[in-house]
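Read through the structure below, which is laid out as structure tokens, and then see the notes.
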Amino acid sequence: MPNPDAAKPPRIGVLALQGDFAAHAQALKESGAEPVEVRKPSQLEGLDGLILPGGESTTLLKFLERDGFLESLQRFLAEKPAFGTCAGCILLARHVSHPPQESLALMDITVERNAYGRQIDSAIQTGETKLPGGPLEMVYIRAPRIAAVGDGVEVMAERDGFPVLVRQGRLLAATFHPELSSDRRVHQLFVNMVRDQSGSRVA
């Protein structure tokens, strides 16, 4: 039986506590999704997926510890797709080092914080990925490094031999900032992941 909601754009939240969440929202809109800025736990209701943007991961955790937000987020991410960029990638990681910190521990990856140095060491690079369409522009700002990945994690792009774009099931993570580029392929990938997840859940 056809799903009447299949033609509707997926509603994807952007955690709007830190980072350039407005740029993520614009990228989602251009990729065929309805973006929703999320600032409190109740705004997770009815969403099909969530982006965890950049910022400062320890500060972000402190924000999330208020009003039961962290618990609500953990329940939401136990079954919905998520995409973490930079600090969001750190939050998704199962293991965090340099220095160690708590995380949501959802992806089987080990992440080193601030591995590429300070803000002055930020860079824009172009590299090959598993996405169709040729090389991808990647904007790095005090980027973390994915030091190791588990067997179930697909590496979709690398920098200097280290993964920078990875996928594990309904989870996607990048150490760069695709929202700061005009290339929407990474956001389009996530929107497609959300559509696939929503379709399989309804079917």
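Bear in mind that the values in this text are calculations on the coordinates, not laboratory data. Given the structure is predicted, the values throughout are model-derived calculations rather than measurements. Glycine also receives a Cβ, built like all others from the backbone with ideal geometry; neighbour counts cover every protein chain displayed.
Placing unit charges on each Cβ (+1 for Lys and Arg, -1 for Asp and Glu) gives the stretch 11-202 a dipole about its Cα centre, and among Ile141, Thr129, Leu91 the Cα reaching farthest toward its positive end belongs to Leu91.
Provide Arg113, Arg11 in ascending order of the number of other Cβ atoms located within 10 Å of each residue's Cβ, fewest first.
Final ranking by Cβ density, sparse to dense: Arg11, Arg113.
Within the stretch 18-58, which residues have the backbone N less than 20 Å from the label spot 7 Å out from Glu79 along Cα→beta-carbon, could you tell me? Of the residues in the stretch 18-58, 41-51 have backbone N under 20 Å from the label point off Glu79.
Using the Cβ-Cβ distance between Asp160 and Glu71 with R0 set to 25 Å, the FRET efficiency works out to roughly 0.10.
Take the Cα of Arg185, go 7 Å toward its beta carbon, and the backbone nitrogen atoms of the stretch 138-155 under 19 Å from that spot belong to 138-140, 154-155.
Placing pseudo-labels 7 Å out from each Cα toward the beta carbon at Asp196 and Asp151 gives an inter-label distance of 2.1 nm.
Quick check on packing: order 32-40, 184-192, 91-99 by the mean number of other C-beta atoms within 10 Å, highest mean leading.
Details: 32-40: 17.7, 184-192: 21.2, 91-99: 19.4.
In decreasing order of mean packing, 32-40, 184-192, 91-99 become 184-192, 91-99, 32-40.
Remark: the chain carries a charge dipole of roughly 200 debye about the Cα centre, counting +1 on each Lys and Arg Cβ and -1 on each Asp and Glu Cβ.
Given the convex hull over the Cα atoms of the chain, what projected area results after averaging over all orientations, in nm²? Could the numbers behind the result be given before it?
Numbers: hull surface 43.6 nm².
If you wrap the Cα atoms of the chain in a convex hull and average its projections, you get 10.9 nm².
For Lys29 and Ala7 in one chain, what is 0.36 nm times their gap in residues minus the Cα-Cα distance, to one decimal in nm?
On the way: separation 22, 0.36 × 22 = 7.92 nm, distance 1.50 nm.
Using 0.36 nm per residue and subtracting the Cα-Cα distance, I get 6.4 nm.
Calculated [222 nm] ellipticity per residue, helices only, for the chain: -7500 deg cm²/dmol; basis is -39500 (n - 2.57) per DSSP H run with n ≥ 4, divided by all residues, nearest 500.
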